[in-house]
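Structure first, commentary second.
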Amino acid sequence: MLGYEAVKTRPMSQDELPELIVAAKSDPAAFGRLYDHYLQPVYRYLYSRLGDSHSAEDVTSQTFITAYEALPKYREQGQFTAWLFRIARSKMYDHLRRNRREVGLEAAGELLEREDALGVLIRAEELSKVRFLIQQLNEEEQDLIRLRYVADLTFVEIADLLGKREDAIKKTLYRLLARLKSQME
Amino acid sequence: MSNLNPSPEFEERVRKAMQTPEANPDFAKRLRNELVRGPVKIKTKYFRPAWAVAFVLALAVIVVSVPGLAAALGRVFGYVPDVGLVETTSGLRMLAEPVSSTRDGVTITITNVLVHPDHIELMYEVDGVELDYNQTPDICGTIHPDDNFWSDADADLRLPDGAMIRRDYAGEYQYANRYAMQPVYAIQLPANVDELTFVLKCIPFTKLGDVPENWEIPFKLVTVPVGEVVGYPVIEVTQPVATEEVPASPLAEAAPAPKVSLTLERIVPTDSNTVFYLHFNVENPDPSLISIMPQGVYVIDSQGRLNQAIGSFVWQPFEHRVGSSFEFATQFKPAPGSFTVVVDQVIAYYMPLYTDPPQMTVEELTFAFDAGDNPQRGQKWDLYKTFTVAGFDFEVSTVQAVTFADIETPNFIDGSQGYDYGYQFTVEADPALGLSVEIDIQRDNCWLYDVKKIEPAPVLYTQLCRDGYPTGEVLVTIREMSITLKDDLQVEWKP
């Protein structure tokens, strides 16, 4: 990935997570490990919606500071990812409301162009078309795609976040992709 | 469903199309350091829309919540105006004396510097400039889309060896004709460094070329002996205080109003006013209650004078701050002796969609109406959609097509910004509740909003959109509801 070498998202097993969450309630260092694990997915998700690094950094900061302060009240039920992303989405919508501006997927396009110059195999026109079609989706559908393909959330995590059933999320997303694919053809 | 399964290749194509950069490592490290050491008081970020500044300044009562980490007992705190509570820890250093520099009628004064073990807080004030909040390229500090976190408007610190320190956070504030900034630097300043130089390329929010630029102001630091208070002494209120709970009201029988009581935690008499810290206690709160905010706070001193209290407001509705502390300052110095703090109405905010776990589903808080193909200004639809949040009933009775001109007030200092067409919802509830709501039209291009209370009822909630009126079936979601607890809370303090 561009621009990110020094601090990487740390891999973490699902078994490790509950213990770490409990520890993070009273131990800032443990929260630091949670941060290491979640920073990039949260940042990418926010960047893809907000469209610039300044806003993404601002809202990412707010997200993690809020999570830090609210963590003592969080009850671990295996939904930490959903809980964190719920905060991120709330902060993001708050930011958008306060700044009242719209951002599309231009940021993704910029990155794509740079990667194309490096010789990425998939043709730029195709990806541009996919991106254009995604832009035509409604916000809820775009959000679903962001959560799955930008933030890399699992179906279970997305379902927890959106308060829906996992199979419903999967079905919705797959129908969406099928529609995109048919529009591509 | 199997026939819908996308191929891995197509999923990869979508992933590529959505690819975004990852977080800058400097930012990532900075934020991590901030979190791991326990978040310090995070100031509002440096650049914000002018309308937001105006909105904040327009609030009658503004509040700052105090980080819970700082509330532990047994610590030595002092109070520094505009900085807040300062804990004297080992190795704390501070500005030896304020220093100023004046050029062409413009004066920059470094008023406070606090060197903590892992960060530096600095405050400087600017006199004699006119501020311009337009974000145009000729204004110092304008952020361009390609810029990074910093700009020429950020004050740097130069160490004696020439090393430059960039700020990590920056707050701003403004009063009278004075303008001030509070950059924070995440650095472990070497113990032998007691002289620094403040370096500022241009004064934030001034027009480039109009006022002097490239400022350099040296200043000195001194060590604070452990246990010595920095700033004004803080009185920890340990004596039992008379806390009056909300008296029973007709509202309490009709609906489960939260039972709120008040505690006075700290008092700081200063030369010009008295600063105090309040804590709201909520008994058996509804699970969807996320915040309690005072509408107005004042002090009645020993001579019976009423003294309005003011603070600064950080609107953090998603931080589950029920029960957190708030900082207030009286407008003038109260008479010596006892005083009574009165909280004039409290607003309880409910967000059932955002609590953990959510108390309601989006579907339960969403309704639809058919706006047709060509909605016209003034066109009205009957809705009569009823909702119950935290036991309180309200009804969205009608919706009307409106334009920005219908809600325009001087508060919209940026105008409509293209959000010209939308819908105004009439929300009916028991007038005794003082109920308000926040409503979202589920369209990506609808943001600008306005809330108007017609006393005693109803509430008119307007949301405006870009690119004309949303047409066809319009989905609308209730995001937030608040009620006003109209009884006063008060607590008396006796020295």
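Restricting the range A:22-33 to residues that are more than 9 Å from chain B (Cβ to nearest Cβ), crowded, with 17+ Cβ neighbours inside 10 Å and not charged (D, E, K, R), which is nearest to A:A70 (Cα to Cα)? Of everything passing the filter in the range A:22-33, A:A24 is nearest to A:A70 (Cα to Cα). Of everything in the range B:22-47 that is open to solvent by less than 20 Å² (accessible area, probe 1.4 Å) and at pLDDT 75 or above, the residue that is nearest to A:Q40 (Cα to Cα) is B:A23.
In summary, strands (runs of 3 or more DSSP E) completely within the range B:63-181 and bearing 1 or more residues that are at pLDDT 60 or above and either in contact with a strand residue (DSSP E or B) (Cβ under 8 Å, 6 or more places away or on another chain) or closer than 26 Å to A:E57 by Cα (or both) occur at B:77-80, B:84-87, B:93-95, B:99-103, B:106-115, B:120-127, B:156-158.
Pairs are defined by a Cβ separation below 8 Å, a sequence spacing of at least 6 or placement on different chains, a first member in the range A:43-54 that is within 7 Å of another protein chain (Cβ to nearest Cβ), and a second member that is polar (S, T, N, Q); the pairs so defined are A:Y43/A:T60; A:R44/B:T20; A:Y47/A:S53; A:Y47/B:T20; A:S48/B:T20; A:S53/B:N24; A:S53/B:N148; A:H54/B:N148. Here the condition is being farther than 20 Å from B:V346 by Cβ and in a strand (DSSP E or B); of B:V268, B:V297, it holds for B:V268 alone.
Look at the range B:389-406: where a residue is over 30 Å from B:P258 (Cβ atoms), no partner that is of a type outside the set (F, W, Y) and assigned to a helix (DSSP H, G or I) sits 6+ places away or on another chain with Cβ atoms under 7 Å.
In this entry, A:E113 passes the filter for residues that are in a helix (DSSP H, G or I), at pLDDT below 80 and more than 9 Å from chain B (Cβ to nearest Cβ). The lone criterion from (1) in contact (Cβ under 8 Å) with a residue 12 or more places away in the chain; (2) touching a strand residue (DSSP E or B) at 6+ places or on another chain (Cβ under 9 Å) left unmet by B:P456 is number (2). Hey, does the range B:436-444 have a residue that's away from chain A (no Cβ under 14 Å), closer than 20 Å to B:M351 by Cα and either among the small types (G, A, S) or surrounded by fewer than 16 Cβ atoms within 10 Å (Cβ to Cβ) (or both)? The answer is yes, given that some residue of the range B:436-444 is away from chain A (no Cβ under 14 Å), closer than 20 Å to B:M351 by Cα and either among the small types (G, A, S) or surrounded by fewer than 16 Cβ atoms within 10 Å (Cβ to Cβ) (or both). If you filter the range A:134-151 down to residues that are under 15 Å from B:E12 (Cα atoms) and part of a helix (DSSP H, G or I), you find that the one that is farthest from the other protein chains (Cβ to nearest Cβ) is A:L147. When the range A:152-171 is filtered for residues that are under 19 Å from B:E12 (Cα atoms), facing chain B (nearest Cβ under 10 Å) and buried (at least 16 other Cβ atoms within 10 Å of the Cβ), only A:K170 remains.
Conditions tested, residue by residue: (1) in a loop (DSSP other than H, G, I, E, B); (2) assigned by TED's automatic domain parsing to the domain that holds B:N284; (3) in contact with an Asp or Glu (Cβ under 8 Å, 6 or more places away or on another chain); (4) open to solvent by 30 Å² or more (accessible area, probe 1.4 Å).
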site: B:E395; (1), (2), (3), (4): no, no, yes, yes
site: B:A405; (1), (2), (3), (4): no, no, no, yes
site: B:T426; (1), (2), (3), (4): no, no, no, no
site: B:A432; (1), (2), (3), (4): no, no, no, yes
site: B:L448; (1), (2), (3), (4): no, no, no, no
site: B:K452; (1), (2), (3), (4): no, no, no, yes
site: B:D467; (1), (2), (3), (4): yes, no, no, yes
site: B:P470; (1), (2), (3), (4): yes, no, no, no
site: B:V476; (1), (2), (3), (4): no, no, yes, no
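The values are calculated or read from the model by the stated rules, or taken from the named source; none is laboratory data. Bear in mind that the values here come from a model prediction, so they are computed numbers and not experimental data. All Cβ positions, glycine included, derive from the backbone under ideal geometry; neighbour counts span all protein chains shown. Side chains are part of the model used for accessible areas, which takes the heavy atoms of the whole protein and leaves out ligands, DNA and RNA. Shrake-Rupley method; radii C 1.70, N 1.55, O 1.52, S 1.80 Å.
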